[in-house]
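The values are calculated or read from the model by the stated rules, or taken from the named source; none is laboratory data. Owing to the predicted nature of the structure, the values given are computational and were not obtained by experimental measurement. Cβ placement follows ideal geometry from the backbone for every residue including glycine, while neighbour counts extend to all protein chains displayed. With ligands, DNA and RNA removed, areas are computed over all heavy atoms of the protein, side chains included. Shrake-Rupley method; radii C 1.70, N 1.55, O 1.52, S 1.80 Å.
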Amino acid sequence: SVKSTVRGLREKLRAGKMDVAIAEEAVANQTVRAPFDGYVLRKFVEVGDAVQPGKVMIEGFSTNHLRVDAAVSQRYHEIIQNGQPLYIVPEYSKDKIQATVESKQPTYNRLSHDLMLRLRLDDSTGLRPGMLVKSYFKVGEKKVIRIPEAAVVRRSEVVAVYVIKDEKRVLLRPEFKS
C-alpha cells in the first residue's frame, strides 16, 4: 500500500540522516582546527601519525596581538616612558604602524649597552613573527629654522644663505650647516 511505502521511505530517510550525522562527527574528530588565525611555528606530528586526544600536534602563533621587542640605547631608556606612543616601520615597507611602549624589560646588553622595551602594536596587519622593524620614539624637541633648498648658496666649498638683518642689510652667512 501507499502508506506502508511512505512509512518505509521515511524510515530510510531517517536512517540516512543518522548515517550522515555519524560521518560528519567522524570527519570533525579527524580535523585539526586552531582557536586563532596565525602561523604554524613547529609541527610535532606528521600526516599519518596516530595521535591521542590532548597530544600536542603543532605550535602556532597568533598574529592578532603581536608585540615588538626593541633595543634602546641606555641614554634614551630613562626618557622613554610606559604608555608612550611611537611608530614602527617594517623593513619591507615605508608604512608607519602606531605602537605604544608596553613595558621596560629588565634586559641589558653589555656589549651594545642597550636596554629592551616591549612595544604593543595598534594594528599588526601584514606583520609576522620574526620580522625586522625599526622603531621611532620622540625623545625630545629642538627648534630649528627650515630653509628651502633653493635658498642655499653653494660656491666651491662654501655653503651659505643670504640673511636680511635689521630689515636693511643683506648678509651672506657662510656658517650655515647643511
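Descriptive notes on the structure:
- Cα-based equivalent ellipsoid, segment 29-129: semi-axes from gyration tensor eigenvalues, Å: 36, 17, 12
- Rg/Rh (Cα only; Kirkwood hydrodynamic radius) as it applies to the chain: 1.38
- Cleavage-rule hits, GluC sites (Glu not before Pro), segment 82-178, DSSP coil, Cβ neighbours within 10 Å at most 14: E91, E141, E157, E167, E175
- The residues S124, S156, S135, sorted by heavy-atom accessible surface at 1.4 Å with ligands and nucleic acids left out, run S156, S135, S124 from largest to smallest.
- Theoretical ellipticity at 222 nm over the chain - DSSP helices of four or more residues, -39500 (n - 2.57) apiece, nearest 500: -6000 deg cm²/dmol
- Greater than 28 Å apart at Cα, pairs in K142/K165; K104/K134; K43/K96: K43/K96
- Order of exposure, largest accessible area first, which applies to V56, V51, V2 with probe 1.4 Å: V2, V56, V51
- Relative intensity, log₁₀ I(q)/I(0), of segment 40-82 from a Debye sum that treats every alpha carbon as a point, q = 0.14, 0.16, 0.18, 0.27 Å⁻¹: -0.59, -0.64, -0.70, -0.99
- Cα-based equivalent ellipsoid of segment 60-108: semi-axis lengths in Å, sorted from largest, via gyration tensor: 21, 15, 11
- Longest DSSP-loop-exposure-free segment, trypsin sites (Lys or Arg not before Pro), the chain, at most 15 other Cβ within 10 Å: 56-93
- Where N is the number of residues in segment 116-178, Cα Rg divided by 2.2 N^0.38 Å: 2.03
- Only protein heavy atoms count here; on that basis, with a 1.4 Å probe, T107 has an accessible area of about 70 Å².
- Measuring with a 1.4 angstrom probe and ignoring ligands and nucleic acids, D95 comes out at about 100 Å² accessible.
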